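Encoded as structure tokens, the structure appears first; notes follow it.
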Amino acid sequence: MSDLVSIFLHLLLFKLVAPVTFRHHHYDDLVRMLYKVHNECPHITRVYSIGRSVKGRHLYVLEFSDYPGIHEPLEPEVKYVGNMHGNEALGRELLLQLSEFLCEEFRNRNPRIVRLVEDTRIHIMPSMNPDGYEVAAAAQERDVSGYLVGRNNANGVDLNRNFPDLNTYIYYNEKNGGPNHHLPLPDNWKSQVEPETQAVIQWIRSFNFVLSANLHGGAVVANYPYDKSLEHRVRGFRRTANTPTPDDKLFQKLAKVYSYAHGWMHQGWNCGDYFPDGITNGASWYSLSKGMQDFNYLHTNCFEITLELSCDKFPLQGELQREWLGNREALIQFLEQVHQGIKGMVRDENYNNLADAVISVSGINHDVTSGAHGDYFRLLLPGTYTVTATAPGFDPETVSVTVGPAEPKLVDFQLKRSTPQAAPKRRIPSSGHRGRVLAEKVQPRAARKKETMMKQPQRGPA
Ligand SMILES: [Zn+2]
């Protein structure tokens, strides 16, 4: 009898957590699915909207965390963004599957998923372009699917060509010196971007994201920054060349983690193209300006890659299950990659948390900063590094750190205030001298650099 009861309860439970069916989800259906997962796992999820599309559809995010809605210091934030191109539908469906999977496995006390959710704050946005999706889905149903129908938003704009171009700045700075991180936005940036792009920019500025992937279709490859080629077009030809970031080795590893955990991406031959190891530098494939992954790297602490997941941008429903099984392990392993390198707190002598402190790693010309809670995260491959923390008004602190392959190494900094009189002035670390003469030199040097930049018509910011 008790066996029967137990079987009945098991069946009931199974029914309650029955998986998202393998079919395409229109907007209303997608919203229902997000709330269904939230209702199944209310204690570890939260649904929120980051804004609206041109046609007023919400850009919903499903968050997974042991404390939804709260940033816990030293717990990294990671995100997935799907369906930025409305006609690239697989990412949208995979992210719904992933949401259901995380919820279900957490409830089943799968130790790997419990650990992931307890140690990571995961943000999942299945669709960045819900308007484009509806156009693409309608075309699919009428069987008049053009290759590009529904790609753009409702204003006809390609959202992956719509972010402010910060590459021009960084290529100048990489060559001539200048800031290597958190490059500023143009003053009028809001008037230059679409509502979806603006919502995403405000989102990624308000969370201290560390790692991200942006899901696309039309090829099968993991694509890493930079997307924009350093070289100029030559006589109408689009000349592209490998354009690595200062974090190239790390980005290659992140891309390979996905491609090798994926069912077939790593094999390289897919959709008539060949990519060794199933990965590519964006610019060496084809150059694109104003893309989202470069923007994440150049304006925030977030390392984003672009995942091209299917030859067919809008796969048939019958293929969704196979695609989910081919991507499931890769989607989980990629999230786990946020737990590597170094992380820690930056504080002053009185244990006050210091936000926006700069963490520099010697030999890698790309700094990261501490978040609003004073915690920082620096993804690094295994190795020994010299790491320096700096903050205005404080003496820099430098340590040597050896990073292993598994856990992130905890490295806290406690910065001492510079001598009180000198605090408001900027110091020159390499010089033993202080005082008026050198302090004055600091400003003109910075100003001169800016001036030179403006004079370069080709290279300077537009
Ligand atoms: Zn795309």
- In the stretch 170-222, what residues are away from the ligand (no atom under 16 Å from the Cβ), within 23 Å of Gly371 (Cβ to Cβ) and assigned to a helix (DSSP H, G or I)? Ile170, Trp189, Gln198, Ala199, Ile201, Gln202, Trp203, Ile204, Arg205, Ser206
- Scanning the stretch 149-177 for residues that are farther than 22 Å from His366 by Cβ, touching a residue at least 24 places away in the same chain (Cβ under 8 Å) and out of contact with any His (no Cβ under 9 Å at 6 or more places or on another chain) gives Val149, Asn153, Ala154, Asn155, Val157, Arg161, Asn162
- Return a yes/no flag: does the stretch 122-134 have any residue that is away from the ligand (no atom under 16 Å from the Cβ) and assigned to a helix (DSSP H, G or I). yes
- Message: If I ask for residues that are modelled with pLDDT under 95 and within 13 Å of the ligand (Cβ to nearest atom), which ones from the stretch 275-310 would you list?
- Response: Trp285, Tyr286, Leu288
- Task: Would you mind telling me which numbered condition in (1) out of contact with any Asp or Glu (no Cβ under 8 Å at 6 or more places or on another chain); (2) assigned to a helix (DSSP H, G or I); (3) open to solvent by 10 Å² or more (accessible area, probe 1.4 Å) Glu323 fails?
- Result: (1)
- Is one or more of the residues making up the stretch 229-241 among the acidic types (Asp, Glu), open to solvent by less than 10 Å² (accessible area, probe 1.4 Å) and part of a loop (DSSP other than H, G, I, E, B)? no
- Residue count for the stretch 72-100, restricted to those that are more than 16 Å from the ligand (Cβ to nearest atom) and either under 30 Å from Lys409 (Cβ atoms) or not in a helix (DSSP H, G or I) (or both): 9
- Item | Residue check, Gly432 open to solvent by less than 30 Å² (accessible area, probe 1.4 Å), at pLDDT below 95 and within 30 Å of Lys175 (Cβ to Cβ) | no
- Message: Can you find, within the stretch 140-169, the residue that is nearest to Phe295 (Cα to Cα) among those that are open to solvent by less than 40 Å² (accessible area, probe 1.4 Å), more than 16 Å from the ligand (Cβ to nearest atom) and assigned to a helix (DSSP H, G or I)?
- Response: Asn167
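The values are calculated or read from the model by the stated rules, or taken from the named source; none is laboratory data. The shown structure was predicted, so the numbers you read here are calculated from the model rather than taken from an experiment. Cβ atoms come from the backbone with ideal geometry, glycine included; neighbour counts cover every protein chain shown. Protein only, heavy atoms only, side chains kept; ligands, DNA and RNA dropped before computing areas. Shrake-Rupley method; radii C 1.70, N 1.55, O 1.52, S 1.80 Å.
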